[in-house]
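The values are calculated or read from the model by the stated rules, or taken from the named source; none is laboratory data. None of these values were measured; they are calculated from a predicted model. Counting neighbours? That spans all protein chains shown, and the Cβs are built from the backbone with ideal geometry, glycine included. Note: accessible area is taken over every heavy atom of the protein model, side chains too, but ligands, DNA and RNA are not part of it. Shrake-Rupley method; radii C 1.70, N 1.55, O 1.52, S 1.80 Å.
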Amino acid sequence: MRRLLDIVLLMLAGLAIWHALHLAAPFALTSPVETVTKAWSMLNSAAFWPHALETGKAFLIALLLAILGGLAIGLGLGLNRTGAQVAEPILVSIYSLPKVTLYPVILLVFGLGLPAKIAFGTIHGIIPIALFAMNAVRNLANVHFKTARVLRLSRSQTLLTVVMPGALPEIVSGLRIGFSLTLLGVLIGEMFASQRGLGFLIMNAIGLHDVPAIMATILLLAIVAVSASALLLWLDHRLHHRAA
Amino acid sequence: MSAALLAIDMPAHADTVPGVHAEMRGVTRVYAGLGGQSGVHALASTDLTLRRGEFYSVIGPSGCGKSTLLDVLAGLSRPTGGTISFEGRPVDGQVPDGVGVVFQEDASFSWLTVADNITFGLRRAGAEPAEVARRLDYALRLMGLADFAKSYPAQLSGGMRQRVCIARTLVLQPRLILLDEPFGALDAQTRLIMGDELLKVWRETGATVMLITHALDEAAMLSDRIGIMSARPGRIIKEVTTGWPSARDSRVATDPGFGRITADLWSVLREESLKAIGQGNLR
């Protein structure tokens, strides 16, 4: 109950700050009430949904690719000490590279449209997922691998019943970061050289100086991202708590 | 339910020499050095014979290669030279069927309940659900874990987690149980209790037990025979027979013979420990 009260107070404080900022710069920020009204009318307009679906589709495919690719790379490298030693600095440098500089290359390879957004989202999400999965496996106690051998498990049994569950809490932490970065990648992809999607809506609204539309789109995206992130964080805490 | 439900059946393979359950002949192990450093000579030419059904302990100064000895005997690591056999068959880089190992580190799986931890190996081996339940029930009661079947290891003390690992090994009905300082991380009283439980397990299952320990009193109290290892590179330099009856527990420590045995062990071990300390532990 106390926790709920804290959350409500925090949200009220956030809204108050938002409103204060709106009063200070009404040309850049709409008020909370105005934004929610605009968001509601957007949700009820037929023109909004194709864009939302485009973003949703690009994001889900990009996330799926990032997870599958990231886990394959991370688990594979985690089980191979030399491979991990070679790959880690490479992955870390790619991770720290501002990937937006690669977008022209992605556009040249994939052309304008959905595939480019997916690819751009995937390269954002795949590296953290791979790095977390790799370190999760490397940090798994050696005695677990010995136990697997004493219990005469096959390689695939070891991977599925010891390595994967043992590394899961860290893998979920990686997924949480991968989730946010993939969404970031897809939206940036939509903001340039794109005719569809929520990122395009924002850029379009900037061109028209339609501040309520910008704010409403941001609000809707924030609600989706925060809810998903909270869900993953809850899962993350649960898994880590059990393993403590 | 029969008290000795987990007692082992007839051996899978006959021993080549009657009574000899596992054997090491001239086993050496050298760990390769990295980047031009000379390798570590962990085991010198080591001979060891485990008789079927005996409780054998290995003590030695720290860093003498006790764990290496267990690893090569278990098939977890390949020897550099020499031969190892279990029930008349060679052991080479694979854990043979019928060998169970309990480690010093906590090897319980944090993501499984106590019950799922214990039955983990059984289920992977494809045992019948009814049989799994029967052996689980027995192991839970033998190890005093019945009230914790649904707990996760994180909710248990170190001693309880080690019990889970022993139970996980027991349900597979190993004919040879190797324990690598299993009580090393526990407090003194828990160690004594766990030692008694280990004796109970040993008697009920009829398995051959080899215990690696650095504790003199533990070895003197629990074992039929004790092998003392030299400083690194380790090999067994002396064997001591205790002569305890099989129905024994930690109270043998009050027996006059106990003092004589520990004195015997210490006279050899002291010298080796001094060598070990002077030899490079400070490096």
Among B:Gly100, B:Gly75, which is within 14 Å of another protein chain (Cβ to nearest Cβ), out of contact with any Leu (no Cβ under 9 Å at 6 or more places or on another chain) and surrounded by 19 or more Cβ atoms within 10 Å (Cβ to Cβ)?
B:Gly75
Scan the stretch A:143-158 for residues that are more than 8 Å from chain B (Cβ to nearest Cβ) and out of contact with any helix residue (DSSP H, G or I) (no Cβ under 7 Å at 6 or more places or on another chain) and jot them down.
A:Phe145, A:Ser154, A:Arg155, A:Ser156
Can you name the helices (runs of 4 or more DSSP H) wholly within the stretch A:66-161 that have at least 1 residues being in contact (Cβ under 8 Å) with a residue 60 or more places away in the chain?
A:103-110, A:114-138
Counting only residues that are in a loop (DSSP other than H, G, I, E, B), touching a residue at least 40 places away in the same chain (Cβ under 8 Å) and either of a type outside the set (D, E, K, R) or open to solvent by 40 Å² or more (accessible area, probe 1.4 Å) (or both), how many does the stretch B:145-181 have?
6
In the stretch A:112-153, which residue that is more than 16 Å from the chain's Cα centre (by Cα) and of a type in the set (Val, Ile, Thr) is surrounded by the fewest Cβ atoms within 10 Å (Cβ to Cβ)?
A:Val143
Step by step: first the residues of the stretch A:159-173, then only those that are facing another protein chain (nearest Cβ under 9 Å) and of a type in the set (A, V, I, L, M), then the one that is least open to solvent (accessible area, probe 1.4 Å). Which residue is that?
A:Val162
Just the residues that are over 20 Å from the mean Cα position of the chain (by Cα) and among the hydrophobic types (A, V, I, L, M, F, W, C), please, taken from the stretch A:202-221.
A:Met203, A:Ala205, A:Ile206, A:Leu208, A:Val211, A:Ala213, A:Ile214, A:Met215, A:Ala216
For residues that are more than 13 Å from chain A (Cβ to nearest Cβ), closer than 20 Å to B:Thr119 by Cβ and among the charged types (D, E, K, R), tally how many sit in the stretch B:156-187.
2
Just one of the numbered conditions (1) open to solvent by 10 Å² or more (accessible area, probe 1.4 Å); (2) in a strand (DSSP E or B) is not true of B:Ile228; which one?
(1)
When (1) open to solvent by 50 Å² or more (accessible area, probe 1.4 Å); (2) touching a residue at least 60 places away in the same chain (Cβ under 8 Å); (3) closer than 12 Å to B:Gly234 by Cα are applied to B:Ile59, the one that fails is (1)
Is there any pair linking a residue in the stretch A:196-224 that is buried (at least 16 other Cβ atoms within 10 Å of the Cβ) to one that is not in a helix (DSSP H, G or I), with Cβ under 7 Å and at least six apart or on different chains, and which?
A:Phe200/A:Ser194; A:Val211/A:Ala28; A:Val211/A:Thr30; A:Pro212/A:Thr30; A:Met215/A:Leu29; A:Met215/A:Thr30
